[in-house]
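Novice: Have a look at the structure that comes next, please.
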Amino acid sequence: MNFVRVCAKCSRTIDREFIYCPWCGERTSSGKDESEVLDEVFNELEKKQVTDISKRISSMKAKLSELEEDLGRLENLF
């Protein structure tokens, strides 16, 4: 029942019979077996998640610094 596959380049699901990915144009019959393609896709996903988490943490640190500055100013008022 394997009707679909995952494109190695853009990670989108496509029909198994497609020769080229309709989303990115990558040739689908690259000679790699399905497990290699999935490993590449999941590795790329993991990299993107790490990058996203790092960006979110940096944003939270910046907001925390702003809040601490505001709190310091409020303390000086009273």
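The values are calculated or read from the model by the stated rules, or taken from the named source; none is laboratory data. Computed from a predicted structure; not experimentally measured. All Cβ positions, even for glycine, are placed from backbone atoms using ideal geometry, and neighbour counts span all protein chains on display. Just the protein is used for accessible areas: all its heavy atoms, side chains included, with ligands, DNA and RNA removed. Shrake-Rupley method; radii C 1.70, N 1.55, O 1.52, S 1.80 Å.
Novice: Identify all residues within the stretch 13-22 that are surrounded by 14 or more Cβ atoms within 10 Å (Cβ to Cβ) and under 18 Å from F42 (Cβ atoms); write none if there are none. Outline the logic, then answer.
Specialist: Start the filter on the stretch 13-22 by keeping residues that are surrounded by 14 or more Cβ atoms within 10 Å (Cβ to Cβ), which leaves 14, 18, 21.
Hits for the stretch 13-22 are I14, C21.
Novice: If you go through the stretch 42-51 one residue at a time, do you hit one that is modelled with pLDDT of 85 or more, open to solvent by less than 80 Å² (accessible area, probe 1.4 Å) and more than 15 Å from the chain's Cα centre (by Cα)?
Specialist: no
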